[in-house]
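Here the structure is laid out as structure tokens; the discussion comes afterwards.
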Amino acid sequence: MDQLTAVWEWFMMESTWRGSGIDPGILVRVYEHMSMSLQAVALAALLVLPIGLYIGHTRRWEFAAISIGNFGRALPSFGILGITFFITTALDVPGILGFWATFTALFLLAIPPILTNTYVGIKGVDADTIEAARGMGMTEREILTRLEIPLAAPLIVAGIRLATVQVVATATLGAVVAWGGLGRYIVDGLARGNDVLLLGGAILVALLAIVTEVAFGVLERIAAPRLTSQKKRVVAGSRSGQLGPAA
Amino acid sequence: MTGDVMISLKNVSKVFDSAEGSAAVHDLSMDIVRGETVVLVGPSGCGKTTTMKMINRLVEPTSGEITVNGTDVMKQDPVELRRGIGYVIQSIGLMPHRTIAQNIATVPELLKWDATKVKQRVAELSDILELDEALLGRYPNELSGGQRQRVGVARALAVDPPVMLMDEPFGAVDPIVRERLQDQFLDLQDRLKKTIVFVTHDIDEAIKMADRIAILNRGGVIEQFASPEEILRSPANDFVKQFVGVERGLKRLALLKVSQIGIEEGPVVSPEAPIRDAERAMEKFDYDWCSVVEDGELLGWVDRESLGGCLTVAEAQARPFSAYVTHDSTLREALDSIVTSRTQVAVVASGGQRYVGILSLERISKEIIS
Ligand SMILES: Nc1ncnc2c1ncn2[C@@H]1O[C@H](COP(=O)(O)OP(=O)(O)O)[C@@H](O)[C@H]1O
Ligand SMILES: [Mg+2]
């Protein structure tokens with residue numbers, strides 16, 4: 001109980017938020033954490049969405065999408081970070097210590113859920129609907145943009161949600177390789193035997209993950225196509241997790 | 001068949017990559033005349049769908065030539081080609097996230113028609129296909145199967161294409177709805193005069209819808225290509241005979257009109273005539289009843305029993321026929337009238353109650369055997 005009171009008091013101090021000395025404070029740490037996470041996810045999405053759309057639409061290279069999906073689930077986040085840290089150090093990559101190692105690991109981690117969900121979402125659009133559309137004279141691009149993407153949108157957004165939540169959680173590990181973010185509190189707390197820091201950091205990371213999850217839930221509802229004239233909408237595919245490989 | 005050819009397939013073959021050399025369609029040739037409905041019918045997997053899809057290039061032929069309106073389809077942009085050909089499939093494939101109005105407007109919108117014209121066309125089509133206006137704002141999953149089928153046809157007709165390809169378009173609805181859709185479509189085709197390629201595996205649907213039927217065997221081999229009546233009258237071979245089924249005679253009866261076969265004279269007597277005349281008429285035809293006709297108008301019938309003890313036919317009180325047929329009736333209707341009447345023949349009348357003659361079971365069966 002004493003510890004909880006101490007954590008509460010820690011949260012109540014202005015210097016905890018604004019920083020003091022070499023400690024930049026929670027606000028800066030949250031900013032670091034989120035900006036790193038969102039950039040990693042954005043870059044992964046930019047790269048992987050077109051690939052997922054292509055594979056889902058053409059059904060070519062399906063095995064690649066499936067393998068990457070499986071691979072991504074099997075690889076431990078910590079393992080990836082270890083490898084990227086080793087490589088960036090070996091290559092003597094410039095910049096803030098640990099930044100590129102963390103960024104690369106998060107980027108790689110974001111790829112599988114986005115790729116799998118995009119590919120499965122597009123592939124899952126009813127084949128007869130697509131054939132009818134093609135038979136009426138829709139171009140492949142029109143089929144993709146007017147039919148496949150709108151119908152797959154909730155699954156695609158779900159893929160990005162999964163990637164983001166995972167990345168936000170994993171960004172905490174950046175502190176292990178000397179980068180900042182909210183993981184700093186946990187790693188420093190552990191190193192110094194400071195339970196208040198450790199607990200405060202853990203609470204912050206959990207809250208951030210929850211906020212991310214909720215924000216994407218709203219986004220998924222917005223992305224869901226309207227399938228009924230009734231006021232109450234049928235939200236297809238919302239709350240679905242990452243899909244297993246289709247094959 | 002005369003008239004100009006709208007769709008022509010010349011020695012068309014299709015071998016799918018995955019099919020290890022066996023052709024889905026082998027060396028098929030067929031000319032389809034402008035304005036006619038050709039039905040491709042045959043057992044499952046015989047290549048009907050493949051043949052149809054080669055016309056709008058959803059499947060590309062391995063060899064051979066297909067022309068639509070004189071132009072080789074392989075030399076046209078497939079997208080342009082398809083926008084000029086209506087396409088309806090069994091599962092319809094309406095876009096679930098678009099309203100009925102938006103679904104019907106798909107091709108006009110692809111062609112960038114202006115909004116007023118699109119709206120007008122959608123209203124026109126929903127009128128033609130008897131789609132309630134209230135349905136237009138709904139989504140496909142809110143419609144019944146029959147309604148969805150009609151939306152599918154409306155969508156295919158949107159830009160008034162001269163050619164329609166229909167792959168088992170009424171296959172997914174229950175028999176009663178199917179029959180209504182078929183009748184409605186026949187009415188529509190009477191007015192629109194499209195060139196239609198219609199696929200079904202149901203010979204009865206083929207007989208009903210077709211101007212000509214192509215009966216296909218495995219590998220897209222045409223066993224017979226002829227009018228429904230001819231296929232029923234003289235099936236080309238055992239395959240056709242078997243496919244058409246055991247009720248060939250009955251099915252033909254449904255296609256033939258009373259006016260197409262000779263009507264016979266029957267026993268007739270006028271109401272003023274003495275009983276002797278009625279007896280003579282009955283003897284002449286070896287019947288035990290006689291039609292009563294006054295100035296060409298059919299009053300009813302009398303038999304020996306009802307004439308008993310009377311002086312003139314009028315006294316016997318002619319009884320009305322419970323059923324009679326006209327020139328426009330089918331022989332099937334005539335047959336029904338025969339088997340359900342006491343008199344064992346169908347009485348033929350025209351324009352109200354004008355007596356024309358009679359149609360006997362013998363006469364009908366002679367027509368079927370010939
Ligand atoms: N895309 C395809 N790939 C490989 N084989 C196919 C394909 N489409 C059809 N076939 C084969 O071609 C034959 C004819 O099929 P289809 O034209 O669909 O028959 P139908 O419509 O008469 O039932 C079948 O043996 C079918 O398995
Ligand atoms: Mg078929």
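Tabulated values for the structure
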item	result
Conditions (1) more than 20 Å from A:Leu144 (Cα to Cα); (2) free of Cβ contacts under 8 Å to residues at least 24 places away in the same chain; (3) at the interface with another protein chain (Cβ under 7 Å from one of its Cβ atoms): number failed by B:Thr71	(3)
Residue match in the range B:3-11 (condition: within 16 Å of ligand 2 (Cβ to nearest atom), away from chain A (no Cβ under 14 Å) and either under 18 Å from B:Gly219 (Cβ atoms) or not in a helix (DSSP H, G or I) (or both))	no
Qualifying residue in the range A:224-247 (condition: within 14 Å of chain B (Cβ to nearest Cβ), at pLDDT 95 or above and within 20 Å of the chain's Cα centre (by Cα))	no
Residue check for B:Glu179: within 12 Å of chain A (Cβ to nearest Cβ) and without any contact (Cβ under 8 Å) to a residue 12 or more places away in the chain	no
Single residue of the range B:64-95 satisfying the filter (in a loop (DSSP other than H, G, I, E, B) and under 27 Å from the mean Cα position of the chain (by Cα)) that is farthest from ligand 2 (Cβ to nearest atom)	B:Asn69
Condition check for B:Glu205: within 16 Å of ligand 2 (Cβ to nearest atom), of a type in the set (D, E, K, R) and surrounded by fewer than 22 Cβ atoms within 10 Å (Cβ to Cβ)	yes
Candidates B:Glu362, B:Glu297, B:Glu367, B:Glu333, filtered to the one that is touching a strand residue (DSSP E or B) at 6+ places or on another chain (Cβ under 7 Å) and closer than 25 Å to B:Leu253 by Cβ	B:Glu333
Residue in the range B:83-101 that is more than 9 Å from chain A (Cβ to nearest Cβ), of a type in the set (A, V, I, L, M, F, W, C) and out of contact with any Asp or Glu (no Cβ under 6 Å at 6 or more places or on another chain) present	yes
Residue in the range B:24-39 that is nearest to the chain's Cα centre (by Cα), counting only those that are small (Gly, Ala, Ser) and more than 16 Å from ligand 2 (Cβ to nearest atom)	B:Gly35
Residues (without any contact (Cβ under 8 Å) to a residue 40 or more places away in the chain, of a type outside the set (A, V, I, L, M) and either under 13 Å from A:Ile160 (Cβ atoms) or surrounded by 14 or more Cβ atoms within 10 Å (Cβ to Cβ) (or both)) located in the range A:43-60	A:Tyr54
Failed condition for A:Ala65, given (1) assigned to a helix (DSSP H, G or I); (2) within 14 Å of chain B (Cβ to nearest Cβ); (3) small (Gly, Ala, Ser)	(2)
Unmet requirement for B:Val246, which otherwise passes all of (1) touching a residue at least 40 places away in the same chain (Cβ under 8 Å); (2) surrounded by fewer than 16 Cβ atoms within 10 Å (Cβ to Cβ); (3) more than 16 Å from ligand 2 (Cβ to nearest atom)	(1)
Tally of residues being outside any strand (DSSP E or B) and surrounded by 15 or more Cβ atoms within 10 Å (Cβ to Cβ) across the range B:12-36	6
Total residues in the range B:18-31, condition within 11 Å of ligand 1 (Cβ to nearest atom), more than 14 Å from chain A (Cβ to nearest Cβ) and at pLDDT below 90	3
Qualifying residue in the range B:53-68 (condition: under 14 Å from B:Val163 (Cβ atoms), within 8 Å of ligand 1 (Cβ to nearest atom) and either in contact with a helix residue (DSSP H, G or I) (Cβ under 9 Å, 6 or more places away or on another chain) or among the hydroxyl-bearing types (Ser, Thr, Tyr) (or both))	yes
Every residue from the range B:40-63 that is surrounded by fewer than 17 Cβ atoms within 10 Å (Cβ to Cβ) and more than 9 Å from ligand 2 (Cβ to nearest atom)	B:Pro43, B:Glu60, B:Thr62, B:Ser63
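Okay, residues lined up against (1) surrounded by fewer than 13 Cβ atoms within 10 Å (Cβ to Cβ); (2) of a type outside the set (A, V, I, L, M); (3) under 22 Å from the mean Cα position of the chain (by Cα):
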| site | (1), (2), (3) |
| --- | --- |
| A:Gly21 | yes, yes, no |
| A:Leu27 | yes, no, yes |
| A:Ser35 | yes, yes, yes |
| A:Ala64 | no, no, yes |
| A:Phe71 | yes, yes, yes |
| A:Ser77 | no, yes, yes |
| A:Phe85 | no, yes, yes |
| A:Leu91 | yes, no, no |
| A:Ala101 | no, no, yes |
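The values are calculated or read from the model by the stated rules, or taken from the named source; none is laboratory data. Keep in mind that this is a model prediction, so the values were computed, not measured. Glycine also receives a Cβ, built like all others from the backbone with ideal geometry; neighbour counts cover every protein chain displayed.
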